[in-house]
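Okay, structure first, notes after.
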Amino acid sequence: MVDPRIQRYQIMEPLGQGSQGTTFRAIDRADDSEVAIKVFNLSRGADWKQFDLFERECRVLARLSHPNIPRFIDHYA
């Protein structure tokens, strides 16, 4: 089941892929702004350490506030 909050975004194309998952360019349907969405991939043999690192990345990004750094919006489980 897809979290209804994620349906707010229209996924466009992949921007990059790493060991934790894939980052996509997307459109926020609420205000037509461009956003980046990173999807954590459990099927790549991810362990709890990788999941913890992903969660830490979310917490760090949420605290950053600078005009040259994209604003962190939210994360979903």
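The values are calculated or read from the model by the stated rules, or taken from the named source; none is laboratory data. Bear in mind that the values here come from a model prediction, so they are computed numbers and not experimental data. A quick note on method: Cβ atoms are made from the backbone with ideal geometry, for glycine too, and the neighbour counts reach across all protein chains shown. What goes into the accessible areas is simple: the full protein's heavy atoms, side chains included, and nothing from ligands, DNA or RNA. Shrake-Rupley method; radii C 1.70, N 1.55, O 1.52, S 1.80 Å.
Within segment 17-35, being of a type in the set (D, E, K, R), free of Cβ contacts under 8 Å to residues at least 12 places away in the same chain and assigned to a loop (DSSP other than H, G, I, E, B) holds for ASP31, ASP32.
Among the numbered conditions (1) open to solvent by 50 Å² or more (accessible area, probe 1.4 Å); (2) out of contact with any Asp or Glu (no Cβ under 7 Å at 6 or more places or on another chain), the only one that ASP28 does not meet is (1).
Condition check ((1) under 13 Å from the mean Cα position of the chain (by Cα); (2) aliphatic (A, V, I, L, M)) across all residues:
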site	(1), (2)
ASP3	no, no
LEU15	yes, yes
SER19	no, no
ASP31	no, no
ALA36	yes, yes
PHE40	yes, no
ASP52	no, no
ASN68	no, no
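For segment 34-50, the condition of being open to solvent by less than 80 Å² (accessible area, probe 1.4 Å), among the acidic types (Asp, Glu) and under 20 Å from LEU15 (Cβ atoms) holds for none of the residues.
Among the residues of segment 5-40, those identified as closer than 14 Å to HIS75 by Cα and among the polar types (S, T, N, Q) are GLN7, THR23.
Just to check your reading of the model, which residue among PRO4, PRO70, PRO14 is assigned to a strand (DSSP E or B) and open to solvent by 70 Å² or more (accessible area, probe 1.4 Å)?
Selected residue: PRO14, the only one of PRO4, PRO70, PRO14 that is assigned to a strand (DSSP E or B) and open to solvent by 70 Å² or more (accessible area, probe 1.4 Å).
From LYS38, LYS49, which residue is touching a Gly at 6+ places or on another chain (Cβ under 7 Å) and without any contact (Cβ under 8 Å) to a residue 60 or more places away in the chain?
LYS38
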